[in-house]
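Chemist: Okay, handing you the structure first.
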Amino acid sequence: LSLTAAGTLSGTPNAAGSFNFTVQAEDANGFVAETAYSVVIGSNDSTPPAIVAQVTGTVGTNGWYRGNVVVEWSVTDAESQVTTSTGCGPLVVSVETAGQLITCQATSAGGTASQSVTIKLDKTAPTAQPAVSNVRPLLNEVITIQANGVDALSGVASEVCGTTATDSVSLLVKRVNCTVTDDAGNSVVRQTAYRVVYGFQGFTDTVLNP
């Protein structure tokens, strides 16, 4: 803004607030006088800042992340200057969590706004200890395999084991893979084994052959 000697204030302000200034005048005899004034610049901003979260990291499933997460914020206001902000700096989430709330708050002449995001981070795969109902089943015996998966954070989402064929006998051990997947998308594969055998029910009596 500028002030002419005739007392005309002109220009376009670019910041709201109260501003102090001094006007000084001198007459032809060299006498000087001055007076302090203040001008208050209002704002036409009726909306608070726009806050947008920018989240990057290894995305898992069901809202989970499986690797370190970086949270950054975009804070803008087209009508006035953002005067204060809290929690709007970049943040790295590296510790596993079932739900960490992160909030950014900012203020401009249009008011105060806040935005939050919740980060769920599970970087650890579940464990599995497969168990066979019978490690030496008889030919054509029906057996089952349980993966026995455990996940302490996001929880087990699925357990899948391979087929358990017992319709043939072989000297080789039959091996089966079990896969356990947690809710975040981490998975582990563990193997178990069994051997199909013939059943022995003893000898029969000798045949009388005349």
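Chemist: Could you check the stretch 153-164 and list, in sequence order, the residues that are surrounded by 13 or more Cβ atoms within 10 Å (Cβ to Cβ) and not in a strand (DSSP E or B)?
Modeler: 153, 154, 155, 162, 164 - these are the residues of the stretch 153-164 that are surrounded by 13 or more Cβ atoms within 10 Å (Cβ to Cβ) and not in a strand (DSSP E or B).
Chemist: Assess whether residue 75 counts as being touching a residue at least 12 places away in the same chain (Cβ under 8 Å), over 30 Å from residue 154 (Cβ atoms) and within 21 Å of the chain's Cα centre (by Cα).
Modeler: Yes; evaluated as a whole, the condition is true for this residue.
One line per residue, one yes/no per condition, for (1) of a type in the set (S, T, N, Q); (2) closer than 30 Å to residue 174 by Cα:
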site: 49; (1), (2): no, no
site: 83; (1), (2): yes, no
site: 117; (1), (2): no, no
site: 139; (1), (2): no, yes
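Chemist: Are there any pairs, at least 6 apart or on different chains, whose C-beta atoms fall under 7 Å, with the first in the stretch 81-104 and closer than 30 Å to residue 16 by Cα and the second at pLDDT below 95, and if so, which?
Modeler: 81/15; 81/108; 82/108; 83/108
Chemist: Suppose we keep only residues that are among the aliphatic types (A, V, I, L, M) and not in a strand (DSSP E or B) within the stretch 165-181. Which one would you say is most open to solvent (accessible area, probe 1.4 Å)?
Modeler: If we filter the stretch 165-181 for residues that are among the aliphatic types (A, V, I, L, M), which is where we start, we get 165, 169, 171-173, 176, 180.
Pick out the ones that are also not in a strand (DSSP E or B) and you get 165, 169, 171-173.
Values: 165: 45, 169: 52, 171: 157, 172: 129, 173: 59 Å².
Per the criteria, the residue is 171.
Chemist: Also, quick follow-up: (1) open to solvent by less than 50 Å² (accessible area, probe 1.4 Å); (2) outside any loop (DSSP other than H, G, I, E, B); (3) of a type outside the set (A, V, I, L, M): which one isn't true of residue 80, the others all being true?
Modeler: For residue 80, the exception is condition (2).
Chemist: Of the residues that make up the stretch 191-210, is at least one under 20 Å from residue 137 (Cβ atoms), in a loop (DSSP other than H, G, I, E, B) and among the aromatic types (Phe, Trp, Tyr)?
Modeler: Yes, the stretch 191-210 has at least one match.
Chemist: Follow-up. Quick check on residue 117: is it open to solvent by 50 Å² or more (accessible area, probe 1.4 Å) and not hydroxyl-bearing (Ser, Thr, Tyr)?
Modeler: no
Chemist: Does residue 184 count as in a loop (DSSP other than H, G, I, E, B), at pLDDT 95 or above, open to solvent by less than 60 Å² (accessible area, probe 1.4 Å) and under 24 Å from residue 121 (Cβ atoms)?
Modeler: On the way: in a loop (DSSP other than H, G, I, E, B): yes; at pLDDT 95 or above: yes; open to solvent by less than 60 Å² (accessible area, probe 1.4 Å): yes; under 24 Å from residue 121 (Cβ atoms): yes.
Yes; evaluated as a whole, the condition is true for this residue.
Chemist: On the basis of being among the hydroxyl-bearing types (Ser, Thr, Tyr), within 22 Å of residue 179 (Cβ to Cβ) and surrounded by fewer than 16 Cβ atoms within 10 Å (Cβ to Cβ), does residue 74 make the cut? First the steps, then the outcome.
Modeler: On the way: among the hydroxyl-bearing types (Ser, Thr, Tyr): yes; within 22 Å of residue 179 (Cβ to Cβ): no; surrounded by fewer than 16 Cβ atoms within 10 Å (Cβ to Cβ): yes.
No, not satisfied.
Chemist: State which residue is nearest to residue 187 (Cα to Cα) when the search covers only the stretch 134-172 and only residues that are in contact with a Phe, Trp or Tyr (Cβ under 9 Å, 6 or more places away or on another chain) and not aliphatic (A, V, I, L, M).
Modeler: 154
Chemist: If you take the residues in the stretch 1-21 that are in contact with a strand residue (DSSP E or B) (Cβ under 8 Å, 6 or more places away or on another chain) and modelled with pLDDT under 85, which one is surrounded by the fewest Cβ atoms within 10 Å (Cβ to Cβ)?
Modeler: Step one: list which residues in the stretch 1-21 are in contact with a strand residue (DSSP E or B) (Cβ under 8 Å, 6 or more places away or on another chain), which gives 1-4, 9-11, 13, 15-21.
In the following step, the residues that additionally are modelled with pLDDT under 85 were identified as 13, 15-18.
Working: 13: 12, 15: 11, 16: 18, 17: 13, 18: 8.
Restricting to residues being in contact with a strand residue (DSSP E or B) (Cβ under 8 Å, 6 or more places away or on another chain) and modelled with pLDDT under 85, the top hit is 18.
Chemist: Let me ask something additional. Give the residue that is farthest from residue 66 (Cα to Cα), with candidates limited to residues of the stretch 136-152 that are open to solvent by 60 Å² or more (accessible area, probe 1.4 Å) and assigned to a strand (DSSP E or B).
Modeler: 138
Chemist: Also, I was wondering about something else. Please find, within the stretch 22-65, the residue that is surrounded by the fewest Cβ atoms within 10 Å (Cβ to Cβ) out of those that are touching a Leu at 6+ places or on another chain (Cβ under 8 Å) and either farther than 30 Å from residue 112 by Cβ or aromatic (Phe, Trp, Tyr) (or both).
Modeler: Among those that are touching a Leu at 6+ places or on another chain (Cβ under 8 Å) and either farther than 30 Å from residue 112 by Cβ or aromatic (Phe, Trp, Tyr) (or both), it is 23.
Chemist: Can you say whether residue 99 is under 26 Å from the mean Cα position of the chain (by Cα), part of a loop (DSSP other than H, G, I, E, B), more than 29 Å from residue 13 (Cβ to Cβ) and at pLDDT 95 or above, as far as the supplied structure shows? Before the answer, list the steps.
Modeler: On the way: under 26 Å from the mean Cα position of the chain (by Cα): yes; part of a loop (DSSP other than H, G, I, E, B): no; more than 29 Å from residue 13 (Cβ to Cβ): yes; at pLDDT 95 or above: yes.
It is false that residue 99 is under 26 Å from the mean Cα position of the chain (by Cα), part of a loop (DSSP other than H, G, I, E, B), more than 29 Å from residue 13 (Cβ to Cβ) and at pLDDT 95 or above.
The values are calculated or read from the model by the stated rules, or taken from the named source; none is laboratory data. Here the structure is a predicted model, which means the values were calculated and not measured. All Cβ positions, even for glycine, are placed from backbone atoms using ideal geometry, and neighbour counts span all protein chains on display. Areas reflect the complete protein model, heavy atoms only, side chains present, ligands, DNA and RNA absent. Shrake-Rupley method; radii C 1.70, N 1.55, O 1.52, S 1.80 Å.
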